[in-house]
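J.: Sharing a structure here in structure tokens format.
Bear in mind that the values in this text are calculations on the coordinates, not laboratory data. Computed from a prediction, not measured in an experiment: that's the story for all the values here. Cβ atoms come from the backbone with ideal geometry, glycine included; neighbour counts cover every protein chain shown.
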Amino acid sequence: MPALCIVALGIVQASIATETLSLEWEHSVQKTRWEERYRVTPDELVLVAARVAGSGAGMEAPPDARFDGSMWSWQPNVHLPELILAASSYTSDYRICTAAGCAALAALAHGASPVTLRPCSTQ
């Protein structure tokens, strides 16, 4: 099974064996919920689904998005070698969810920022 490495300060802070993960946060300006779902492969993270509760401040849903009554959702299919996330005093903490459960990213990275998510095999 692939594993996700959470890297901060150049050190792997945590490793989670998982094939999928969800990343959730609140947009810093609009205070709107954002969710992304990734597939973890040995070489990359594949963004397979995204959802946002509203629009504005650079977070518009694409034309093919569908509204389910509470959130806009779409399937971006973006391939990334890694994902770098920075903490902001204006944004709630990122939350990572896998089949094993959910955790605050800051807790997994011991409060360090920025945090890089990548497949462990690319270390």
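J.: Starting from the 7 Å offset along Cα-to-Cβ, what nm value, one decimal, do you get for the label separation of ASP68 and VAL46?
T.: Spacing of the two 7 Å Cα→Cβ label points: 2.1 nm.
J.: Note down the magnitude of the dipole of the chain about its Cα centre, charges +1 on Lys and Arg C-beta and -1 on Asp and Glu C-beta and zero elsewhere, to the nearest 20 debye.
T.: So the magnitude is around 160 debye.
J.: If you don't mind, another one. According to a simple spin-label model (label point 7 Å from Cα along Cα-to-Cβ), what is the distance in nm between LYS31 and ILE11?
T.: Going by the 7 Å Cα→Cβ label model, 3.7 nm.
J.: For THR41, what residues show an amide H to amide H distance below 5 Å, using hydrogens built from the backbone and excluding near sequence neighbours?
T.: Placed amide hydrogens put VAL46 under 5 Å from THR41.
J.: Another one. Among 10-21, 110-121, 67-78, how do they line up from the highest to the lowest mean number of other beta-carbon atoms within 10 Å?
T.: By packing density, highest mean first, the sequence is 110-121, 10-21, 67-78.
J.: If the viscosity is 1.002 mPa s and the temperature 20 °C, what Stokes-Einstein diffusion coefficient in µm²/s follows for segment 3-122 when Rh is the Kirkwood radius over Cα pairs?
T.: 145
J.: Right, here's the next one. Taking the chain as a whole, which cysteines find no other cysteine Cβ under 4.7 angstrom from their Cβ?
T.: Cysteines lacking a close Cβ partner in the chain: none.
J.: Here's a follow-up. For a quick check: with amide H placed at 1.01 Å from N, whose amide H comes under 5 Å from VAL78's, ignoring anything fewer than 5 positions away on the same chain?
T.: Correct list: LEU47.
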